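Chemist: Supplied in structure tokens, the structure appears directly below.
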Amino acid sequence: MLCKIIDEFKPQTLEDIRYIVGAQLLMIGTTFKMVPQDPGFLNREGWVDICTRIEQMLELISRPEYKASLLKSIEYLQNLVNNNTDTDREMTVEAMEAEAEEKAQYETEQQVFPSLSNFAERLDENLWKSYQRTQHGSINYMVRLQDENRLLFLSDKLLTYLQEFN
């Protein structure tokens, strides 16, 4: 049911995009955690669903307002690292609350880069395991071979997106 709601929701604002991206990240991560021990990889439908969700997420995070938010998040993290090197500074309660609020504002953005690369790796591992455990020459094996093209196109889109943030 949650999947259907997310698929049908059309985000209009940056907050909407953050909610959808956060939900997509959680759903993809949960799907990977629910992979059964036997056979040890996602079935094709689950694998294709994750590819589709990542493609949808790439569309959302490619919007100018989300890219601007990602850049602010990167700037915030760089400032945070620079400020943490100053060990002698004292913070008021108000300053600590403001810092925690600002950190929470960029929580989804901070998860995007590591999650995307992690998901791409896991898709590759799952596809490789399906090759190993599917009878060679079968129809299922041939269909899974075609999935490699989809993974390559997705990887290309991910690399193009991530290179924008060098």
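Chemist: Quick one: which of 130-142, 62-74 comes out on top by average Cβ neighbours within 10 Å, and what's the full order, highest first?
Modeler: On the way: 130-142: 12.4, 62-74: 14.7.
With the highest mean Cβ count within 10 Å placed first, the list reads 62-74, 130-142.
Chemist: Take the alpha carbon atoms of segment 39-86, find their center, do the same for segment 142-159, and report the distance between the two centers in whole angstrom.
Modeler: The distance from the Cα centre of segment 39-86 to that of segment 142-159 comes to 19 Å.
Chemist: Hey, another quick one. State, as an integer percentage, the relative contact order of segment 4-97 based on alpha-carbon contacts under 8 Å between residues 6 or more apart. Can you show the working numbers first?
Modeler: On the way: 24 pairs, mean separation 24.8, N = 94.
Here the relative contact order equals 26 percent.
Chemist: Counting Lys and Arg as +1 and Asp and Glu as -1, each charge on the Cβ, what is the dipole of the chain about the Cα centre in debye, to the nearest 20?
Modeler: Numbers: 17 positive and 28 negative charges, 199 e Å.
In total the dipole reaches around 960 debye.
Chemist: Further question on the same structure: Given the rule -39500 (n - 2.57) for each run of at least 4 DSSP H residues, summed and divided by the residues of the chain, what is its mean residue ellipticity at 222 nm, to the nearest 500 deg cm²/dmol? Walk me through the numbers before you get to the answer.
Modeler: Values: 7 runs with 131 residues, N = 166.
My calculation for the chain gives -27000 deg cm²/dmol from helical runs alone.
Chemist: Kyte-Doolittle cut-off -1.0, length cut-off 15 Å along the helix's own axis using Cα: show which whole DSSP H helices in the chain pass. Let's see the in-between values first.
Modeler: Numbers: long enough: 14-33 (28 Å, 0.66); 44-61 (25 Å, 0.07); 64-84 (30 Å, -0.59); 93-105 (18 Å, -0.89); 107-133 (38 Å, -1.18); 139-163 (37 Å, -0.06).
In the chain, the long hydrophobic H runs are 14-33, 44-61, 64-84, 93-105, 139-163.
Chemist: Another question, if that's okay. Return an integer: the convex hull volume of the alpha-carbon atoms of segment 20-166, in Å³ per residue. Mind dumping the intermediate values first?
Modeler: On the way: hull volume 19.8 nm³, N = 147.
Considering the Cα atoms of segment 20-166, their hull volume per residue is 135 Å³.
Chemist: Which of A104, F41, I139 sits closest to the plus end of the dipole of the chain, meaning its Cα is farthest towards the positive end, when Lys and Arg get +1 and Asp and Glu get -1 on the C-beta?
Modeler: Going by the charge dipole, the pick is I139.
Chemist: Mind giving me the FRET efficiency for E15 and E55? R0 is 25 Å, r the Cβ-Cβ distance, nearest 0.05 is fine. Please list the in-between numbers first.
Modeler: Numbers: r = 22 Å, r/R0 = 0.88.
E between E15 and E55, to the nearest 0.05, is 0.70.
Chemist: Here's a follow-up. Quick one: compute the contact order of the chain, relative version, from alpha carbon pairs under 8 angstrom and 6+ residues apart, as a percent.
Modeler: Numbers: 77 pairs, mean separation 49.3, N = 166.
For the chain, the relative contact order is 30 percent.
Values quoted throughout were computed directly from the atomic coordinates according to the rules given, and no laboratory measurement underlies them. Every value quoted in this text rests on a predicted model; they were computed, and no experiment measured them. We place every Cβ from the backbone using ideal geometry, glycine too, and count neighbours over all the protein chains shown.
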